[in-house]
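To start, the structure itself, in structure tokens.
Coordinate-derived values only; no laboratory data. Please read all numbers here as calculations on a predicted model, not as lab measurements. Methodologically, a virtual Cβ is constructed for each residue, glycine included, from the backbone with ideal geometry; neighbour enumeration extends over all protein chains shown.
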Amino acid sequence: MLGRELLTPDETRKLDNSECILLIRGCDPIIDKKYNTFAHSRFSETEDGGAAPYIHDRMAAKKQAVQILNEESLDYYKKKKEQGEDVQIVELSFDEIFSYEPIPKKIFSEEELKENQKKRTVEEVRPPKKTEKPVQTEEEKLSELLESHVYNEEQLGEIMLAIGAGISYDKILQMADTKNSAEKMKEIRKKFTKETASD
């Protein structure tokens with residue numbers, strides 16, 4: 001029969017209590033026997049099996065997970081870490097522990113907070129003056145030049161050879177002029193290489 005449901009509601013009601021219908025996405029439904037949890041070997045560890053119920057301790061969750069360990073405990077946790085458990089071990093000397101200063105709860109006094117708020121409102125009304133651009137290094141100038149201009153492969157090769165030869169960046173900037181051909185760059189590079197070698 002095509003188009004028939006797996007079971008009608010009446011047929012489902014007549015199923016034995018030991019059977020169940022298992023629905024897995026992408027697969028056909030399966031009728032199977034229910035698993036008998038009461039027969040499981042660890043059923044006695046559950047609340048239904050007679051064990052004490054689990055009570056979530058909210059205060060325990062707030063406690064720090066950091067522990068100061070003795071040698072035996074340290075060995076135990078090292079073994080746990082080797083077994084792949086999420087254990088982090090930080091070894092500190094007594095000097096490091098005693099030199100630790102906790103962050104105070106109040107970092108700013110009330111007066112300092114008011115002063116900071118005043119400064120912030122003034123900055124919002126009057127934007128700060130523009131600061132001067134930081135001075136570019138020769139290396140930054142060269143990288144900017146290489147990004148902004150188009151060089152052919154021979155020219156780029158000469159620039160790379162000059163950098164590899166240890167020629168100073170200001171001399172490479174002179175050499176890297178886009179008007180210079182690869183041959184001209186080669187001549188300049190050789191000249192600067194001789195000067196660098198003589199220094």
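Among the listed pairs Lys141/Lys179; Lys118/Lys141; Lys33/Lys80; Lys34/Lys79; Lys34/Lys81, which have their C-alpha atoms separated by more than 29 angstrom in this model? Intermediate results must be reported in sequence, preceding the final value.
Details: Lys141/Lys179 17 Å; Lys118/Lys141 40 Å; Lys33/Lys80 40 Å; Lys34/Lys79 40 Å; Lys34/Lys81 39 Å.
Over 29 Å Cα-Cα: Lys118/Lys141; Lys33/Lys80; Lys34/Lys79; Lys34/Lys81.
Pulled fully out, how much extra length does the chain show between Ile55 and Leu146, if you take 0.36 nm times their separation in residues and subtract their Cα-Cα distance?
Numbers: separation 91, 0.36 × 91 = 32.76 nm, distance 6.70 nm.
Contour length minus the Cα-Cα distance gives 26.1 nm.
Once you order the gyration tensor axes a ≥ b ≥ c over the Cα atoms, which shape class does the range 138-198 get: rounded for a/c under 1.5, otherwise prolate or oblate by comparing a/b with b/c?
Because a/c hits 1.5 or more and a/b fails to exceed b/c, the range 138-198 counts as oblate.
Using the basic label-point model (7 angstrom from Cα toward the beta carbon), what is the Arg42 to Leu92 distance in nanometres?
Between Arg42 and Leu92, the label points sit 3.6 nm apart.
For Asp32, Asp177, what ranking results if the residue with the fewest other Cβ atoms within 10 Å of its Cβ goes first? Kindly include the intermediate steps, with their values, before the conclusion.
Working: Asp32 10, Asp177 13.
Ascending number of Cβ neighbours within 10 Å: Asp32, Asp177.
For each of Lys80, Lys171, Lys118, count neighbouring Cβ atoms within 10 Å of the residue's Cβ, then give the residues from fewest to most.
Details: Lys80 13, Lys171 18, Lys118 10.
Ranking Lys80, Lys171, Lys118 by Cβ neighbours within 10 Å, fewest first, gives Lys118, Lys80, Lys171.
So, with +1 on the Cβ of K and R and -1 on the Cβ of D and E, and no other charges, what is the size of the charge dipole of the range 135-177 about its Cα centre, to the nearest 20 debye?
Values: 2 positive and 10 negative charges, 22 e Å.
That gives the range 135-177 a dipole magnitude of about 100 debye.
Sorting Phe94, Phe192, Phe43 on the 10 Å Cβ count, fewest up front, what's the list?
Details: Phe94 7, Phe192 19, Phe43 14.
Listed from fewest to most nearby Cβ atoms, that is Phe94, Phe43, Phe192.
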